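Comments concern the structure below.
The values are calculated or read from the model by the stated rules, or taken from the named source; none is laboratory data. What you are looking at is a predicted structure, and each value in this text was computed from that prediction instead of being measured. Every residue, glycine among them, receives a Cβ derived from its backbone with ideal geometry; neighbour counts consider all protein chains shown.
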2 protein chains.
Amino acid sequence: MIPRSHPRYRSLVTRELLAGCAKSGIVSWEGLTAHGRGEAFDYLLGEKTTDSARLAERIAAALLMSAHHPVISVNGNTAALAAPEIAALQKTSGALVEVNLFHRTEARVQQIEDLLRSAGADVFSGKAERLLPLDHDRAWCRREGMYSADVILVPLEDGDRAEALVGMGKTVIAVDLNPLSRTARKATLTIVDELTRALPEISRACHDLTEEESRQIIASLDNKYLLSEAIRAMTGRLNHALD
Amino acid sequence: MIPRSHPRYRSLVTRELLAGCAKSGIVSWEGLTAHGRGEAFDYLLGEKTTDSARLAERIAAALLMSAHHPVISVNGNTAALAAPEIAALQKTSGALVEVNLFHRTEARVQQIEDLLRSAGADVFSGKAERLLPLDHDRAWCRREGMYSADVILVPLEDGDRAEALVGMGKTVIAVDLNPLSRTARKATLTIVDELTRALPEISRACHDLTEEESRQIIASLDNKYLLSEAIRAMTGRLNHALD
């Protein structure tokens, strides 16, 4: 048991949740380390949604709402951390939810689909094929799902895959706490925020935005500005850490 | 298998090493996440030893060499990442090596001691008692080991324990990639560097430093300066990331 007196109690409890999901197979072992990387960047953000992240979340909502074939790609960490938030966003945005894994086995795909369904998501799980231009199991997806998507939300993504999806002409929305990552720099739009804060904000904006507001906010998209604002938040916190 | 073409190949291979150690019990599941936090900060350092870290490593060597009863505290992550480097530092510094775990079971202590011994370390493993003022298994240590130490090297430490050791009047040398952590701020001396780079630098300095140089370098110790230099390296990298 982690003592409640521990100043990093919440962070440690989330780690235990993920460790439990690693034991059951939902989260890959390497996914635990990837989570830690995110934690460090979130710590630099002050563990809160910045104004620029909130703007990015509104643009994400506008992109999803105006898409013809929006898809939310879900991996093990995303399902473990935010299955209910994924289900809620699917309801407000009408996007397909499809599982895509870095460390892929049929059993893991099944487990993660089950977890998402039990949280209320309607999971798209037709026959998978190797359709993405990648030399790894991440290449697997469904022809009528991710492969055909025009707008795709990829939370906690791998840089290679984000780049491949952009190369296929898709609008890629990343949720990535590291504003320096390849994913962050290659995506069409990058939300530098923690997943369980970001997804409800996107859902809320899906409700709120009018069509006219959506058009305007999409036209304003400047990912380099959004990334530089995220970086500014982090350097600000670093600079004042020793005050 | 991770494809060699992956741009984060080395980092992913280290994660797989740690995941293997988690499967065998050496590394705790939460330890994998803690490693990820470190990775993120090392990424901000450019994954290299800065000048200020090298200075900190020389001061660490001087402190260990001039101690009456130096101890190196080893946890699961430290053993998994750097057992040979710990053994080498023990030889050059003459410090006791003692295992102290956050997620403590007798079986894990035994496994980690075995790993250290197989790497050539002489592990101190007398009877453990609850001697540190902490409400957790981290309180366990040996009376003739850590409890009696005047100088203690705590790589990859927990902030609570670092603070408790300082409170007991010990000189605490931390190795922590997060210059904002409580460990980093509470330690007498903080080395903001990756463990497998830091330990050989300390060993090298143990060989090189004369007694007079040691006295001078210890007198120069200013941990706040060292931390601010580490922060400066990180903000520099963040600021130029989008150039």
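Which one of these is more than 27 Å from A:Ala205 (Cα to Cα), of a type in the set (A, V, I, L, M) and within 14 Å of another protein chain (Cβ to nearest Cβ): A:Ala19, A:Ala80?
A:Ala19
Any residue at all in segment B:197-219 that's touching a residue at least 40 places away in the same chain (Cβ under 8 Å) and within 14 Å of chain A (Cβ to nearest Cβ)?
No: segment B:197-219 contains no residue that is touching a residue at least 40 places away in the same chain (Cβ under 8 Å) and within 14 Å of chain A (Cβ to nearest Cβ).
Quick one: would you say A:Ala164 is part of a helix (DSSP H, G or I) and over 20 Å from A:Leu45 (Cα atoms)?
Criteria met by A:Ala164.
Among the residues of segment A:40-62, is any of a type in the set (Ser, Thr, Tyr), buried (at least 24 other Cβ atoms within 10 Å of the Cβ) and in a helix (DSSP H, G or I)?
no
Write out, first by first residue and then by second, each pair whose Cβ atoms fall under 9 Å of each other, whose residues are 6+ apart or on separate chains, and whose first residue, in segment A:119-144, is within 13 Å of chain B (Cβ to nearest Cβ) and farther than 17 Å from A:Arg108 by Cβ while the second is among the aliphatic types (A, V, I, L, M) and in a loop (DSSP other than H, G, I, E, B).
Listed by first residue and then by second, the contacts come to A:Pro133/A:Met168.
What single numbered condition from (1) assigned to a helix (DSSP H, G or I); (2) over 17 Å from the mean Cα position of the chain (by Cα); (3) touching a residue at least 60 places away in the same chain (Cβ under 8 Å) fails to hold for A:Val109?
(3)
Residues A:Ala34, A:Ala67, A:Ala22: which one is modelled with pLDDT of 95 or more and either surrounded by fewer than 24 Cβ atoms within 10 Å (Cβ to Cβ) or farther than 21 Å from B:Arg182 by Cα (or both)?
After ruling out the rest, the residue left standing is A:Ala67.
Taking A:Thr78, is it surrounded by fewer than 21 Cβ atoms within 10 Å (Cβ to Cβ), under 30 Å from A:Met234 (Cβ atoms), in contact (Cβ under 8 Å) with a residue 12 or more places away in the chain and among the hydroxyl-bearing types (Ser, Thr, Tyr)?
The answer is no for A:Thr78.
Inside segment A:105-130, can you point out the residues that are surrounded by fewer than 17 Cβ atoms within 10 Å (Cβ to Cβ) and out of contact with any helix residue (DSSP H, G or I) (no Cβ under 7 Å at 6 or more places or on another chain)?
Hits for segment A:105-130 are A:Thr105, A:Glu106, A:Ala107, A:Gln110, A:Asp114, A:Arg117, A:Ser118, A:Gly126, A:Lys127, A:Glu129.
Report, by residue number, each residue of segment A:230-243 that is within 19 Å of the chain's Cα centre (by Cα) and touching a residue at least 60 places away in the same chain (Cβ under 8 Å).
If the condition is that a residue be within 19 Å of the chain's Cα centre (by Cα) and touching a residue at least 60 places away in the same chain (Cβ under 8 Å), then A:Ala230 is the only one that fits.
Is it the case, given these coordinates, that B:Glu85 is touching a residue at least 24 places away in the same chain (Cβ under 8 Å), surrounded by fewer than 24 Cβ atoms within 10 Å (Cβ to Cβ) and either in a helix (DSSP H, G or I) or not hydroxyl-bearing (Ser, Thr, Tyr) (or both)?
yes
Within segment A:1-12, take every residue that is in a helix (DSSP H, G or I) and at the interface with another protein chain (Cβ under 10 Å from one of its Cβ atoms) and give me the one that is farthest from the chain's Cα centre (by Cα). Explain how you work it out, then say what you get.
Filtering segment A:1-12 down to residues in a helix (DSSP H, G or I) leaves A:9-12.
After this cut, where a residue has to be at the interface with another protein chain (Cβ under 10 Å from one of its Cβ atoms) as well, the list is A:11-12.
Details: A:Ser11: 19, A:Leu12: 21 Å.
It comes out as A:Leu12.
Would you point out the residue of segment B:146-187, among those that are touching a residue at least 60 places away in the same chain (Cβ under 8 Å) and of a type in the set (S, T, N, Q), that is surrounded by the fewest Cβ atoms within 10 Å (Cβ to Cβ)?
Checked segment B:146-187; the qualifying residue surrounded by the fewest Cβ atoms within 10 Å (Cβ to Cβ) is B:Ser148.
Return the pairs, sorted by first residue and then second, in which the second residue is loosely packed, with under 13 Cβ neighbours inside 10 Å, the first residue lies in segment A:5-24 and is of a type outside the set (Asp, Glu), the beta carbons are less than 9 Å apart, and the residues are 6+ apart or on different chains.
A:Ser5/B:Asp135; A:His6/B:Asp135; A:Arg10/A:Glu47; A:Ser11/A:Glu47
Out of the residues in segment A:22-39 that are part of a helix (DSSP H, G or I) and polar (S, T, N, Q), which is farthest from the other protein chains (Cβ to nearest Cβ)?
To start, the set of residues in segment A:22-39 that are part of a helix (DSSP H, G or I) comprises A:22-24, A:29-39.
Among the residues that remain, those that are also polar (S, T, N, Q) are: A:24, A:33.
On the way: A:Ser24: 12, A:Thr33: 4 Å.
Only one residue fits best here, namely A:Ser24.
Taking segment A:223-243 as the search range and keeping residues that are within 7 Å of chain B (Cβ to nearest Cβ) and not hydroxyl-bearing (Ser, Thr, Tyr), which one is nearest to A:Gly46 (Cα to Cα)? Explain how you work it out, then say what you get.
Just the residues of segment A:223-243 that are within 7 Å of chain B (Cβ to nearest Cβ), to begin with: A:224, A:227-228, A:231, A:234-235, A:238-239, A:241-242.
From what's left, not hydroxyl-bearing (Ser, Thr, Tyr): A:224, A:227, A:231, A:234, A:238-239, A:241-242.
Values: A:Lys224: 21, A:Leu227: 16, A:Ile231: 12, A:Met234: 8, A:Leu238: 10, A:Asn239: 13, A:Ala241: 11, A:Leu242: 15 Å.
For segment A:223-243, the residue satisfying everything is A:Met234.
Any residue at all in segment B:127-143 that's at pLDDT 95 or above and outside any helix (DSSP H, G or I)?
no
Can you tell me which residue within segment A:135-192, out of those that are touching a Gly at 6+ places or on another chain (Cβ under 9 Å) and of a type in the set (A, V, I, L, M, F, W, C), is farthest from A:Leu227 (Cα to Cα)?
For segment A:135-192, the residue satisfying everything is A:Leu156.
Suppose we keep only residues that are at pLDDT 95 or above and in a loop (DSSP other than H, G, I, E, B) within segment B:92-106. Which one would you say is nearest to B:Val71 (Cα to Cα)?
It comes out as B:Ala95.
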